[in-house]
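Please read the structure below before turning to the comments.
We did not get these values from a lab; they are worked out from the coordinates using the rules stated. Keep in mind the model is a prediction, meaning the values are calculated, not measured. Every residue, glycine as well, gets a Cβ built from its backbone with ideal geometry; the counts of neighbours run over all protein chains shown.
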Amino acid sequence: MQRAEYLLLSQTSLADDANRGAVIGGRVLIWIAHLLTLLTLLGFGGRWHWYLETMGHFRVQYLVLLLVCGTLFWLAARWRRALVTTGVAAVNLAVVLPFYFVAPTANSTGVSMTAVAANVKFSNRHRGRLLHYVRQVDPDWLALMEITPSWARTLQPLDESYPFCVKIPRRGGFGMALYSRYRWSEARTIPLGDEADYCLRVRTRVAGRKWTLFVVHTASPSSAQRVVSRNHQLSCLADLVKRESDPVMIMGDLNITSWSPVFSDLLSSTGLRDSRRGWGVQPSWPCGFPLFQIPIDHCLVSPKIAVLQRSLGADVGSDHLPVFVEVAVQR
């Protein structure tokens, strides 16, 4: 009799523990769903504060996590919470989904060319990976950021493959380099509001078609002051683009995601379009942390430039993945 009572008490205790665990798990799930809902809504306030803009960078992560929460609510027969959570997930889906639909492009007939843009990271200790990747992909244009004097020496083997190049090595993360198989009529640095902040502008002609390439690396938004600096650089860049009469392509690390209001302003004021349209989000940073990766490396094109292919490259030892595009310029 005593053994039976002991077994009964043990089973009751286990059941109570299971119920208690289920209650705690349910509460944690509710709090997670509430937090993701709050972050989703606050992310639309990027014009008010840079903290809120940062919250809007993780739309893909919010979407996936909210779908998981909604599924768990549905399995637990919490229909109302499942419906609300799925509805908030749909808000993020509405932001992300357009990148998987092919946008109208220019006529793609004519000569195409390939280009790669990569933030190589000035402190990169695996520099041979970049050279291997470039030899493998063999792009017609190669735009590199964070080029230091030591990086310039590392890149010397590329001089044999690219007859036209310009290198601007600087200490820290502010140098650039551009390699091309096509002759250009002009290659110069242009300040973006300050002599320390600049972009590289190249005017060239391919198969009788004139176009202009801007290579850009804006300030990282790690503080309020740097966010102001980045936004000012993008504003100056927009002014430069609007002065161009030929088709324009911008490549580089803009340190901003495609769903930032500042990024939307850049597109609307210049008429450029995001090359991601039709090719997916393609998050490029931080490399090695797929759960947190966001799309801050960009290629923007004028309507007369057709994007025939877009993809992310291999790990080159940097915290950024390279961006590869194939484009064709319409007459």
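Computed values, structure above
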| item | result |
| --- | --- |
| Under 5 Å, built H, 5+ apart or other chain: amide partners of TYR198 | LEU192 |
| Contour minus Cα-Cα distance for SER311 and THR189 (0.36 nm per residue) | 41.2 nm |
| Approximate spin-label separation TRP74-PHE292, in nm, with each point projected 7 Å along Cα-to-Cβ | 3.1 |
| Convex hull of Cα atoms in the stretch 18-168, direction-averaged projection (nm²) | 15.7 |
| Separation of the ASP265 and ALA152 label points, Cα + 7 Å toward Cβ, nm | 3.5 |
| For the chain, convex hull of alpha carbons as volume per residue, Å³ | 175 |
| Fraction of beta bridges assigned by DSSP in the chain that are antiparallel (%, nearest 5) | 80 |
| Rounded to 10°, Cα long-axis angle of helix 224-242 versus longest principal axis of the chain | 50 |
| Distant-in-sequence amide H partners of TRP141 (H built 1.01 Å from N, under 5 Å) | THR114, ALA115, VAL116 |
| Distance histogram in 10 Å bins (all Cα pairs of the stretch 204-253, percent per bin) | 24, 43, 23, 9, 1 |
| Cα gyration tensor of the stretch 39-101 - equivalent ellipsoid semi-axes, whole Å, descending | 24, 14, 8 |
| Nearest-ten-degree value, helix 2-42 long axis tilted from longest Cα axis of the chain | 30 |
| Calculated P(r) of the stretch 171-225 - Cα pairs past 13 Å, % | 65 |
| Exceeding the 24 Å Cα-Cα cut-off - candidates LYS121/LYS304; LYS210/LYS242; LYS242/LYS304 | LYS121/LYS304 |
